[in-house]
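Written below as structure tokens is the structure these notes are about.
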Amino acid sequence: MKNLDSKSHVRGESVYLDDIPLIQGTLFACVYDSPIAHGKLESIDISEAEKCAGVVKIITAKDLIGENEIGGILPDEPLFAEKEVHFQGMPIALVLAETEEQARHAARKITAKIEPLEVVTDPRVAFVKNDLIVPPKQFKLGDAETAFRDCEHIFQGRADVNGQEHLYIETQGAYCVPTEQNGLKVYSSTQGPTAVQRCVARVTALPMHQIEVDVTRLGGGFGGKEDQANAWAALCAVGTQLTRRPVKYALHRMEDMRMTGKRHPYSADYRIGLNKDLKIVAYEVTFYQNAGASADLSPPVLERTLFHCTNSYYIPNVSATAYSCRTNLPPNTAFRGFGGPQGMFIIESAIAHAAEKLNVSASEIQRKNLIADGDEFPYGQIAASEAANSWKQADDKYDFERLKTEADEFNRNNKFAKKGVAMMPICFGISFTKTPMNQARSLVHVYTDGSVAVSTGAVEMGQGVNTKIAQVAGEIFSLPIERVKVHTTNTLRIANTSPTAASAAADLNGRATQIACETILQRLKEVAAPLVEAQTADEVTIENGFVYRGGESTNLDWLVLVNEAHQQRVNLSEHAHYATPGIHFDWSIAKGHPFAYHVYGTAIVGVTVDCLRGIYTVDFVKTCHDFGSSMNKSVDFGQIEGGIVQGIGWMTMEEVVYDEQGKLRSNALSTYKIPDVYSVPKEIEISPLETDRGNLAIFNSKAVGEPPLMYGIGAYFAIRESVKAFNPENLPRFDAPFTPEKVLLNLYSEKIRKA
Amino acid sequence: MKMIKFILNNQTVQTDLPKGATVLDFVRYHKNLKGTKIGCREGDCGACTILVGELNGDFVKYRSQTSCLMPLANANGKHIVTVEGINKPNNELTEVQSAIIEESGTQCGFCTVGFVMSLTNFCLDETPKTAETAISAIDGNICRCTGYKSIERAAASLTEVLNEQNGQSRLEFAIGKGIVPDSFADIKNRLENLRIGQDENSPAIQTHAEKFGVTDKSDAGYPKTILKTARPFVGGGTDLYVQNPEEMVYAATENLFSDDDLRFINETDEFIEIGASVVVTDLLESEIFNRLFPNLYKHLKLVSSTPIRNMATIAGNFVNASPIGDMTAWFLALDATIVFNTTREIPLREFYLGYKTLAKADDEFIKKIRFRRAFTHFNFEKVSKRTYLDISSVNSAISLKIENNHIEKAQVSAGGVAPIPLYLKKTSEFLLGKEISENTILEASEILQTEISPISDVRGSEVYKRLLLKQLFTAHFAELFDFHPTA
């Protein structure tokens, strides 16, 4: 089953925000944003801009009818800077003009008088100043302090991992249209329609029922449009509220890169203790999260770093502490993995550190510590583990030792090219860690021509969620997929949605759809039973458009049945609700069972480093991945391949660079590089884990959005192996990404020191 | 008053929009062809890729280009094709489209049309059809979702289809296979008629100042950069439209890109000469260049991407004066000279006076570039954060004439290590008369370090750039003589 959008995608007929036909009278918006990262906003001068041709209105904080606040979790983020500016790119004013070009032109005429304040970009500096977004969070298992006393080997160090720009190819944007009686219809490129609705309500002081948010699809989201789509929708809504005209704002790329947050950079201190059998006995870690200027989603991201701080390993004594540090950067936000990848990078660094010092292969430590059934995660959940299983199946199929031996042999024969191989197991918990968010609704209509319409809270952004939801309806009604249409995500049809995030959209919304379809199906069976002379509805099934009685086909078809039900005034619609069962978490003790299930997998990553030039290629990524039982292989394999490549990008060439004044230097596609067709692994091999264990996923098909990204971490450690093969005296700092610059400097570290 | 006139898909269109407006904005916002997407507006993502067909003798030559950097002036008299121009009726799919769907090569779909257009161009162009050339055709398209492996598989299956071609022209085959519509068959005649219908008057120019009712141009709100000259000369637009996208729309430009008199590559007894509007792809397709530079494809593949190579002129790279211009480094090592419209000729080495400062009068533009065929060995090296489709951290080129194991002539250039593209005079002179040996290379490397003054920026730290240039200098000898240092 191909992604249902494929055909309109290849023909260029799929509709994204900027493709929505314009309504007459539409105004175009452009932000004037802060040119400095921290300062007191003393005055704003819009007089020159107001004189510009086509300008209809210029809005600043004082014009707002509602609250000047867009913070979703904490109320610490003004829509417009009012007294202070907190990051370069913070909106100060909004120009509305008759054309986009006029709006942009006028925005350049605005000036602001800002008295500079100290700029902090380093989370450790913010930590020392005790400038934290939320109080620190901590996970404890066993007694790490005591356990370290008995460890044979203890290693401690520091690891740093940089952020990542989402670089959805469709930039952020919104289009707001006035509706009658002061209402607003907002088209938004958002993963969180309800978040947009709530935010718009707040800044306009309108009740939520006055605001309709509609999302057809996104040209990529990756977490970047979970919370950070709100601002643009709020700006357009405020513009519409004040002018009663439609207002559109589709950001230019450089505006988007400059004004929006990214994956959180982390700095961490770790201490790892092993016994003589290489069992990890104790692990202590302190995370300094670079949150940016306001909370955004930093607190839950910080929490997920803790949830995944031991990756796929069982460590009996853990003490993990995390600080969310406020800096003068754009508020950092969700990005595929949501803090988990950073936690995993740090423990993998600690293991690599131990392995190097002990002169063993990191894979040996990794393998010996994989979490097993019944082991406890640091947050109290008991593992139903596929870690060893996926490791073994990957090793059996791809033979890590052989790959490593081949690399060693290659390295002996080549002075200026070195190969490195690394194992990368992953374990990722599925569910929003904030338990109340694990709910969804689906609205299913069966029309009298037999066609089916489904609306859910899930947002399609290329991950194929709508295809999976259509499959659910098609499967339950036993109808061809063409009879099912999944409609736009709309807050009038589906209220109070959780964002499409946490890899959970297909599970939550698919399950809700399943319930809705089953409810309608049951009603139809009850209508059908007397018509086919069945005693009860239980004897009736519907298969391929026909009613069956006790397994025997009848002449009663879907269309006739549906119409008969309608004649009998039976409800052919259902609005169903699903809430993930059995999950809970108590932050007062930092224990619970937050995840419906975990996704496991193991990858082997191989690279070759050109030791003359310091550049590299990823030769292969071979994985054994836990799909549960994939309901759509073409979609799921696409998610795996895509996640791997995005993860490799994060670990290699993608380097977010801010200068000391908080100015983004990597501010365009020419200075921020994401993988191109030549930088993907030459070979990606994916073999599904064989397991008969059940799970809570939709149709047993486990969530697949985020977990594969973390296979990419293996590329970092494979490059490290290659660098060490060339320059064994040098142990590179744990500092991702491993850019060609860092590779070359580490290859020739001795010579640089001598020079 | 002359208007810009061209064939858009199957329709002849004319517009009185400023000739500096981009084709992207024209097709999306004036012709409502929304299949062409906006990703970056700097030619770095490929979401806005279109086909540009141009009369070339007795056929129409198509090349993929990024419409975000393409001024309408450069569309004049050409065939511009968007996805709407290849879509079949009744929701049927072209071979390219079905190959992508078959391999699940589309996820969010935003980049997809760009890939469709690049691969469609691949079906029309004259390159041999192999897995490698197919990938090369999409090297300017970024997919963030990131479906490259499936798109690779789609490209491979498409290549198989294309290799069924037997005796027909590419275009005939593509029409027969439904890759492009039948109407493409008549485009050549239509373009010829269009050319005859052109008159000689200049297109209307509305300046940026007029547009916004600003009388003093210095008040236009834009940084004064390359557009400080009254009538900037524009080639392919790939630098100017990245640097000054909004000002370019109304700039009173002189567009040289479509000037047939500036598109030639000639060989005389002494010189190779290339015209100012020759683009990088023209070098790739030139028999002369392929003969002179055995690793031409390998080297030029490192320079930007297919659609940008289809637009970027060599002369434009020189005039842009970026310290890391790849083609500038290349031609510095050939000791090329540049000939202006005024017939003044100067060595390229003397063209750069300081950062972005040229030895050129405002009304001068480069007419041709020439160099002597006086080398036996040539190599080009470039390292950037991403190996392909990226701007160099450091680049370097070398040309050598070796006779009896001795270096008779040596010319080394380097980019990214000084405010200007650098000809390494002392290093080059040092190499004269030497044998290729480890000592020669090591000593030259040290001299080289005295000639450069790199700064730390987003493309690398000073210490990295110094080391990298040393490595690339060594790499020249590794590539040309299989010579590797022992230390």
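Read-outs throughout are calculated quantities, based only on the coordinates presented, and are distinct from any laboratory measurement. Keep in mind it's a predicted model, so treat the numbers as computed, not measured. Reconstructed Cβ throughout: ideal geometry from the backbone, glycine too, with neighbour counts over all protein chains shown.
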- In what sequence do A:Trp650, A:Trp558, B:Trp330, A:Trp587 fall when counting other Cβ within 10 Å, fewest first? A:Trp587, A:Trp558, B:Trp330, A:Trp650
- Cβ-isolated cysteines (cut-off 4.7 Å), chain A: A:Cys30, A:Cys52, A:Cys151, A:Cys199, A:Cys309, A:Cys325, A:Cys427, A:Cys517, A:Cys611, A:Cys624
- Query: In chain B, what % of DSSP beta bridges are antiparallel (nearest 5)?
  - Reply: 90 percent
- Item | DSSP-loop GluC sites (Glu not before Pro) across the range A:613-662, with at most 12 other Cβ within 10 angstrom | A:Glu660
- Query: Where the only charges are on Cβ atoms (+1 Lys, Arg; -1 Asp, Glu), what is the dipole of the range A:60-162 about its Cα centre, to the nearest 20 debye?
  - Reply: 220 debye
- Taking a quarter of the surface of the convex hull around the Cα atoms of the protein assembly as shown, what do you get in nm²? 49.2 nm²
- Task: Could you work out how far helix B:462-481 tilts from the main Cα principal axis of chain B, as a 0 to 90 degree angle to the nearest 10?
- Result: 90 degrees
- Return the FRET efficiency for the residue pair B:Gln168, B:Phe481: r is the Cβ-Cβ distance, R0 is 56 Å, and the value is rounded to the nearest 0.05. 0.80
- Message: List the GluC sites (Glu not before Pro) within the range B:53-154 that DSSP assigns to loop and that have no more than 14 neighbouring Cβ atoms inside 10 Å.
- Response: B:Glu92, B:Glu126
- Query: Amide H to amide H under 5 Å from A:Cys427: which residues, 5+ apart in sequence or cross-chain, H placed 1.01 Å off N in plane?
  - Reply: A:Ser312
- Task: Would you calculate the separation in nanometres between label points at A:Val570 and A:Lys434, each defined as 7 Å from the Cα along the Cα-to-beta-carbon direction?
- Result: 4.1 nm
- Item | Theoretical FRET efficiency, 1/(1+(r/R0)^6), r = Cβ-Cβ of A:His487 and A:Glu180, R0 35 Å, to 0.05 | 0.95
- Message: Under the rule of at least 5 residues apart or a separate chain, name every residue whose amide H is placed under 5 Å from the amide H of A:Thr99.
- Response: A:Phe28
- Starting from the Cα of A:Ala579, move 7 Å in the Cα-to-Cβ direction to define the label point; list residues of the range A:45-89 whose amide nitrogen is under 14 Å from there. none
- Message: Restricting to DSSP loop positions (anything but H, G, I, E, B) with no more than 16 other Cβ atoms inside 10 Å of their own Cβ, which trypsin sites (Lys or Arg not before Pro) remain in the range A:151-198?
- Response: none
- Going by C-beta contacts inside 10 Å, put B:Ser169, B:Ser393, A:Ser701, B:Ser322 in order with the fewest on the left. B:Ser169, B:Ser322, A:Ser701, B:Ser393
- Which of B:Thr440, A:Asn490, A:Ala407, positive extreme of dipole for the protein assembly as shown (C-beta unit charges): B:Thr440
- Sequence order, the range A:87-100: Karplus ³J(HN,Hα) from phi using 6.51 cos²θ - 1.76 cosθ + 1.60, θ = phi - 60°, Hz rounded, Gly and Pro as x, gives 7, 5, x, 6, x, 10, 8, 10, 9, 10, 9, 5, 10, 4
- Where Rh is the Kirkwood radius over the Cα pairs of the range B:411-487, the temperature 4 °C and the viscosity 1.567 mPa s, what D in µm²/s does Stokes-Einstein return? 101 µm²/s
- Message: If the only charges are +1 at each Lys and Arg Cβ and -1 at each Asp and Glu Cβ, what is the size of the charge dipole of the protein assembly as shown around the Cα centre, to the nearest 20 debye?
- Response: 1420 debye
- Task: Give the cross-link partners of B:Lys382 among the lysines, using a straight C-alpha distance below 18 Å as the criterion and excluding same-chain residues fewer than 8 apart.
- Result: A:Lys673, A:Lys742, B:Lys298, B:Lys301, B:Lys465, B:Lys470
- Each residue of B:474-486 has, on average, a number of other protein chain C-beta atoms within 10 Å of its C-beta equal to 1
- Put +1 on the Cβ of each Lys and Arg and -1 on the Cβ of each Asp and Glu in the range B:291-434; which of B:Phe378, B:Gln411, B:Ala336 then has its Cα farthest toward the positive end of the dipole? B:Phe378
- Message: Using a 10 Å cut-off around each Cβ, can you sort A:Tyr187, A:Tyr748 from fewest to most neighbouring Cβ atoms?
- Response: A:Tyr748, A:Tyr187
